[in-house]
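Derivation of every value follows stated rules applied to the coordinates shown; laboratory data play no part. Quick caveat: nothing in here was measured; it's all calculated off a predicted structure. Every residue, glycine among them, receives a Cβ derived from its backbone with ideal geometry; neighbour counts consider all protein chains shown.
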Amino acid sequence: MAKPLTCDVVIVGAGMTGAACAFYAARAGLDAVLVDRGPVAGGTTGAGEGNLLVSDKEPGPELELALLSGRLWAELAESLGPSVEYEAKGGVVVAATPDELTALSSLAAGQRDAGVRAEPVAADELPDLEPHLAPGLAGAVHYPQDAQVMPTLAAAQLVRASGAELLTGRPVLEVLRTAGGAVRGVRTDRGDVYAPAVVNAAGTWGGEVAALAGVSLPVLPRRGFVLVTEPLPRMVRHKVYAADYVADVASDSAALQTSPVVEGTAAGPVLIGATRERVGFDRSFSLPAVRALAAGATRLFPFLAGVRAIRSYLGFRPYLPDHLPAIGPDPRVPGLFHACGHEGAGIGLATGTGRLTAQVLAERTPDLDLTPFRPDRFPATHDEPRPAEEAQ
Amino acid sequence: MIGAGPAGLAAALAAAARGIRVTVIDSGTEAGGQFYRRPAAEFGARRPQALHHQWRTWERLRDALARQVRLGLITHLTDHHVWLVERQSGSPTVHALRGPLQEEPVTVRADALVLATGGYEKVLPFPGWTLPGVVTAGGAQAMLKGGLVLPGRVAVVAGTGPLLLPVAAGLAAAGAEVAALVDSAVPKHFLRHGGRFAAHPAKLLEGARYAAELARHRIRVAAHHTVTAAHGEDRLEFVTVAALDADGRVRPGTERRIPCDTLAVGHGLLPHTDLAETLGCRLDGTRVHVDDEQRTDVPGVWAAGEITGIGGAALSLAEGHIAGRSVAARLRGREPDRGEWSPAARSRDTARDFATLLDAVYAPPAHWAELITDDTVVCRCEEVTGGAVRAAVGLGAGDLRTVKLLTRAGMGWCQGRMCAPAVAGLTGCRLEPSRRPFARPVPLGVLAQDPDHPSASEPKGRLDTDTGAPEANRAPSKGDTP
Amino acid sequence: MNPYRLVRARPEPAFTVTFDGREIEALPGQTVAAALWSAGVTAWRTTRGEGRPRGVFCGIGVCFDCLVTVNDRANTRACLVPVRPGDTIRTQDGIGHEG
């Protein structure tokens, strides 16, 4: 067995959130070790589109976290920008009907009050903003603060910038506790890592890590597919999506939901999301889900009908029942912290989550009130379905 | 049956002979696959066998196929490019694109599916391998057999593997000057396995025939040598060839230049496993796992030929035959009588033994990756260099997928089919087939239209459960290009 | 010796296509790639990163290196698509789509 490592904090999970926790912990002067059973960004991060969005969030704690995160991302972009493919492309949410536009406008008004830049776009102004959009849309709202990074690069570059030790291919088998119940490190398949603090940044698998520490955290997987096209010139300038996407994000349904989310990338391909379904960790390809994506995208951008999809992949969003992440100390286990459960917004919310986590680790006052994100806010039920049993 | 090469045809014929209605779906405009690729009819070739071996076998396959097509037992769908196979309520459903532009959707449903998708060539990079004039060995052969064209006048054939012999012989017979046949295999390894080779007299004879052809065309064979670089400005002008030492490294001072305008290079073949992987078939490394009846572990799905492990045409024929007989029995709810196919099973054993023997002697140089400089392009599609790929390891990549996400190597048009072996070798990651739900690019307009819930009225496919006969269900094209 | 003599081919009459505006002869049954090779052309694409020339590599439709613009249709695999009388074949630069 390898010589035990000692550090200030062990972060379990080398995805985007774990990387951001490591980065801000290092900035706070903490010595961090990152442990992951797979490679860097091997879970949901590597299957994401890298959205940094404020547009899809209703006013409330998640939007506040998104605004904080957006500021931090912009700051990071100055030093890491090109290496993480940061692009402040902005988002455009389109409404197909006058009714949809009314609902969208009232959402935007609330967002504006919360500090979001949300600019109404009349139907006749849309062609200037997005020349290839389908005609006949009722209107849109432009969100200049929406941005994008390449998530795998972002995670890997933040880990590197943090200087934290990265242990990949090392499953965590146990969360070590003192006689008094406090955390004292983790046991991996190749040795122990000792630290007075453990951060659960295991994303969709955060429930399993919480269970290793003896607490319940009901993280469930919500599957999503992404379609990738052949490389194109910049035909889609913003992240463009239909107004019903916001409703899908907030929904609790297990059934397949699709609303088209279309965006061009610096590398050329257009990315098309987003499906949501709760089918456990089922990794099989779903033609109906992908057909629905293609249908939605070609309705928004008719030119896409003649463009070829060259790839499709899937991922599992870490979803908590109230759609808010778990961030902060777990009052049930001294020394245990959580930073997971961000559903489909984890890349965008990672910087804020990392910063808040580092602040509580360093016993400073966090920038945001963590009460809405308390990890023990869910009733402890022993009969709630475990992720693996959720498969239909 | 997906694929009309030796395995797919053998499977189709064996099943059809037992009364099963078969649809053979193939991307070629004519049956034969890569092995029996022939000039198009318009060339009026009166002696196509001049570019082939085992022509008699082909004539038998061709005639039997024509007979079964006439009888209506086999439907042969040519120029159909399969992009996905899924199981709908337990029945395999094949989604293809018809025509050379690959935009007209076709769906075929069946009770049983045989995957005979063949293989493609593995090429390990070296500086200059992206220059025009550098082609895969199989590519040079395919262009010659199918298009009656040569890429240039002076060729070097290089790499390793049994394919290089017919490629060199074919190019020479067709009028190219083959300046050298460069193989990294070590001659004494053949001697070491002499006893096992002796068990394959037919193969030895074939080898001797190639040796005679090479001698007749005065082709120099450089064994235990490798091409270290290809040179030229916008086109291949010469290659550097060097001897290898016992460890598989280039022996300093042995480099020499060979002027040429063509380099046909290959390092063996890889199975086409995309469709099988998406169906959920178990893979053993890069090949599809099958039982002694050629069944995969997915119910109703068989696999035969190169997809189950590279082994050549004889092995493909044997596996296809067994698969076809197994399908025929199983579709009638019967346990197949293995005794009936024992000759094929013996051929299969012999051919598999020979394939492992070839694997033991033909190998790329152990240290081929050292030839890749930091500025050598490794991923041809996305132009990702050796340096970038190596750097990904330092960023925390431990598998091909993460290297891809960090570097874009494998993210382009070919989806990593060309660069995966190289990336694996460079990074020390395991070579495992990447997940490719789309076996080929699909227009979004085609994808957007569900043939089961069509917007326009059209005939629906029907599943004939008595005979297991699939019926083509053609949906109208929605792939209108802007 | 040449390939036609080897297999004793009697091709149908040739027709004309253009490659980058220049007329070249093609034969029925040839792919676009075969017609270009016959005309001595081995590169008909430049890469979008480094602008390097490319042509046939795998020859069987797997590698996508031989992408070319045929009759204004970009990203056509020259090794798969049959050449037709009057085809307008153009070198494809980069991704092949107009920006």
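Its Kirkwood hydrodynamic radius, worked out from the mean inverse distance over all distinct Cα pairs, puts region B:123-267 at 15.5 Å. Peptides A:103-111, B:155-163 ranked from most to least packed, by the mean per-residue count of other Cβ atoms within 10 Å: B:155-163, A:103-111.
Ordered by the count of other Cβ atoms within 10 Å of each Cβ, fewest first, B:W55, B:W341 give B:W55, B:W341. Straight-line cross-link reach from A:K89 at under 19 Å between alpha-carbon atoms covers these aspartates and glutamates, not counting any fewer than eight positions away in the same chain: A:E49, A:D56, A:E75, A:E78, A:E119, A:E125, A:D128, A:E130, A:D146, A:E263. Counting only DSSP beta bridges with both residues in the protein assembly as shown, the antiparallel share comes to about 65 percent.
Taking a quarter of the surface of the convex hull around the Cα atoms of the protein assembly as shown, what do you get in nm²?
On the way: hull surface 164.2 nm².
Computing the convex hull of the Cα atoms and averaging its projections yields 41.0 nm².
Which of A:V261, A:V121, A:V186 moves the most in a Gaussian network model of chain A with Cα springs under 10 Å? Maximum fluctuation in the GNM of chain A, among the listed residues, is at A:V121.
Taking every residue in B:95-104, how many Cβ atoms of other protein chains lie within 10 Å of its Cβ, on average? All intermediate terms of the calculation are to be shown ahead of the outcome.
Details: counts 1, 0, 1, 0, 1, 9, 6, 6, 2, 0.
Partner-chain Cβ atoms within 10 Å, mean over residues of B:95-104: 3.
Taking other C-beta atoms within 10 Å as the exposure proxy, B:W368, B:W302, B:W58 rank B:W58, B:W368, B:W302 from fewest upward. If you average 1/r across every pair of different Cα atoms in chain A and take the reciprocal, what Kirkwood value do you get, in Å? Here the Kirkwood hydrodynamic radius works out to 21.1 Å.
Counted over chain A, the DSSP beta bridges are approximately 70% antiparallel.
What are the semi-axes of the equivalent ellipsoid for region B:1-90, taken as the square roots of 5 times the Cα gyration tensor eigenvalues, largest first, in whole Å?
Details: eigenvalues 118, 50, 25 Å².
Result for region B:1-90: semi-axes of 24, 16, 11 Å.
Sorting A:D252, B:D261 by the number of Cβ atoms found within 10 Å of their own Cβ, with the fewest placed first, yields A:D252, B:D261.
First select every other residue whose beta carbon is under 14 angstrom from the beta carbon of A:L68; then total the charges, Lys and Arg +1, Asp and Glu -1. Working shown, then result.
On the way: positive: A:K57, A:R71, A:R355; negative: A:E62, A:E64, A:E75, A:D367, A:D369.
Summing Lys and Arg as +1 and Asp and Glu as -1 gives -2.
Pairs of lysine residues in chain B that meet both criteria, 8 or more places apart or on different chains and Cα atoms under 26 Å apart, total 7.
Mean sequence separation of contacting Cα pairs (under 8 Å, at least six apart), scaled by the length of region A:102-151, corresponds to a relative contact order of 39 percent.
In region B:359-419, a dipole from Cβ-located charges (positive for Lys and Arg, negative for Asp and Glu) runs towards its positive end, and of B:T402, B:A363, B:A392 it is B:T402 whose Cα lies farthest in that direction.
For n ≥ 4 DSSP H runs only, could you compute -39500 (n - 2.57) per run for the protein assembly as shown, divide by its residues and tell me the 222 nm figure to the nearest 500? Could you put the intermediate results ahead of the total?
Numbers: 25 runs with 270 residues, N = 973.
When only DSSP H runs of four or more count, the value is -8500 deg cm²/dmol.
Here chain B is treated as a Stokes sphere of Kirkwood radius computed over C-alpha pairs; at 20 °C and 1.002 mPa s its diffusion coefficient rounds to 91 µm²/s.
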